[in-house]
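The values are calculated or read from the model by the stated rules, or taken from the named source; none is laboratory data. Nothing here was measured: the structure is a model prediction, and the numbers come from that model. Because the Cβ atoms are built from the backbone with ideal geometry, glycine has one as well, and the counts that use them run over all protein chains shown. The area values use the complete protein model at the heavy-atom level, side chains included, leaving out ligands, DNA and RNA. Shrake-Rupley method; radii C 1.70, N 1.55, O 1.52, S 1.80 Å.
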Amino acid sequence: MVEIPKHSMTPMDRYCVFGNPIAHSKSPLIHAEFASLTQQQLSYDKQLVAEDQFPQAVAEFRRQGGQGANVTLPFKQQAFELCDGLTDRARLSGAVNTLYWQGDQLWGDNTDGEGLVRDLLRNGVELKGCRILLIGAGGAVRGVIPSLFEQQPQSIVVANRTQAKAETLAQHFAELGDISSCAMDEIDGAFDLIINGTSASLSSTALPVNADVIQRAKCCYDMAYGSEPTVFQQQAKQLGVSKSLDGLGMLIQQAAVSFERWRGVTPDPQPVYDLIKRQL
C-alpha cells in the first residue's frame, strides 16, 4: 500500500509529464482515460523541457497550480536530486518518475518497478522463487530491482556490455537479496525470466545473448514496445520461448500507480491497454 498525499482536489487539478523529447508520450492519453474511468476532474499535458531547465520548469508548474507530475528521460535523476522527500523505493533506485507535493515539500516516487511487477503478475508470471536475468545496467534496470526483490525471487543476475556498471548495481542492491553481475557475452545458466532493460529493440538490434540461455527461459520480457513484436520478442519466439511480452503493460501499470498516489483511487488499466493497442 502506498501512502496517499493529502491535498484538496480542485475541480481541475493539473498534472503533466516532463521530458525531452516528449512529443511521443502517451501519458496524457493514459491519464485522461484513467480520469474518465474513475470520474476524476483533472487536466494532464506534456511539457518539453530544456535539459538545463528542469528545476525551473517544476517550480513554474507548481506556481501555476500543478499537483503532481511524471518524469521521463532524461530527467529522472535530476528529479531525484530535486526532491525534499523520497519514498523508500525511489531512494533505493536513485531515480524518480513521479512527483507530488506534501505541503510545500516536493516528494518523489518511482513507480516503474511496481508497474513491471503488476504487468508480469497480470500475465501469469510467477516471481516468487524465480531466477531472473536483467539485461542492462541503466536507469530502467535500476528502477525495477527493489520491486522485483519484494516478490522474493530466488536470485537476480544483472548483465551488461560493460560488466563494471552491472557490478556497481549488484553491489548497490546487495542488501536486498541474492544479486550478482556478469558481462553480456558471458551470460550462462538457466533463468525463468529474462528482462531486457536496454534500448536495443528501439534500434532494431538483437541482443548478443547465447541462444541456449534464451531457449531455457519460461518468459522473456522487453521493456520496449511498438506496433510489432520487438526484436527481443522475435528472438525469444524463434527460440521457442512460450511467453514473450513487451513493455506496453508496464507503461500503463506504472501510470496507474502514479494515478493512485495522486488521486487515491485505483483505475482499471485493461481498457486503456486495449485502447492503445488498437492505436499502435
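Just to confirm the number: angle between the C-alpha axis of helix 139-150 and the first principal axis of the chain, 0 to 90 degrees, nearest 10? The angle comes out at about 80 degrees. Length gained on full extension, N210 to L239: 9.4 nm, using 0.36 nm per residue less the C-alpha separation.
Classify the chain as rounded, prolate or oblate from the Cα gyration tensor: take a ≥ b ≥ c as the square roots of its eigenvalues, call it rounded if a/c is under 1.5, otherwise prolate when a/b beats b/c and oblate if not.
On the way: a/c = 1.88, a/b = 1.57, b/c = 1.19.
Prolate shape, in that a/c is at least 1.5 and a/b is the bigger ratio.
Shown for the chain: the carbon plus sulfur share of the solvent-accessible area, taken with all protein chains present and a 1.4 angstrom probe, equals 48%. Seen through its C-alpha gyration tensor, with square-root eigenvalues sorted a ≥ b ≥ c, region 7-78 comes out oblate because a/c lies at 1.5 or above while a/b is not bigger than b/c. Put simply, when 133-145, 220-232 are sorted by average Cβ atoms within 10 angstrom per residue, most first, you get 133-145, 220-232.
With bins 10 Å wide beginning at 0, the percent of Cα pairs of region 139-247 falling in each bin runs 14, 48, 34, 4. Shown in residue order for region 230-245 are the 3J(HN,Hα) couplings computed by the Karplus curve 6.51 cos²θ - 1.76 cosθ + 1.60 at θ = phi - 60°: 5, 4, 5, 4, 5, 3, 4, 5, 5, 8, x, 5, 6, 10, 10, 10 Hz (x for Gly and Pro).
With equal scatterers on the alpha carbons only and no solvent term, can you work out the Debye log10 of I(q)/I(0) for region 190-273 at 0.19 1/Å? The calculated log intensity ratios at q = 0.19 Å⁻¹ are -0.81. Surface calculation, 1.4 Å probe, protein heavy atoms: T98 sits at approximately 0 Å² accessible.
The listed residues W262, W107, once ranked by accessible area (1.4 Å probe) with the largest placed first, stand as W107, W262.
Phi-derived couplings, Karplus 6.51 cos²θ - 1.76 cosθ + 1.60 at θ = phi - 60°, listed residue by residue for region 99-110: 10, 7, 10, 10, x, 8, 9, 8, 10, x, 10, 10 Hz, with x used for Gly and Pro. Electrostatic tally near I252: other residues with Cβ closer than 11 Å to its Cβ, Lys and Arg +1, Asp and Glu -1, net 0. Do the sum for the chain: with -39,500 (n - 2.57) for every DSSP H run of n ≥ 4, divided by all residues, what is the mean residue ellipticity at 222 nm, to the nearest 500 deg cm²/dmol? The per-residue figure over the chain is -11000 deg cm²/dmol. The calculated Kirkwood hydrodynamic radius for region 60-130 is 13.2 Å, given to one decimal from all distinct C-alpha pairs. To the nearest ten degrees, helix 27-37 and the longest principal axis of the Cα atoms of the chain are 70 degrees apart.
Using a/c under 1.5 as the rounded threshold, could you call region 15-135 rounded, prolate or oblate? The axes a ≥ b ≥ c are square roots of the C-alpha gyration tensor eigenvalues, and prolate needs a/b larger than b/c, oblate otherwise.
Numbers: a/c = 1.79, a/b = 1.39, b/c = 1.29.
In terms of gyration-tensor shape, prolate.
Only protein heavy atoms count here; on that basis, with a 1.4 Å probe, Y100 has an accessible area of about 10 Å². Entry note, the chain: relative contact order of 17 percent, from Cα contacts under 8 Å with a spacing of 6+ residues. Taken over region 1-138, lysine pairs spaced eight or more positions apart, or on distinct chains, with alpha carbons under 26 Å apart number 5. Relative contact order (percent) for region 139-280, with alpha-carbon contacts under 8 angstrom and 6 or more residues of separation? Worked out over region 139-280, it gives 16 percent.
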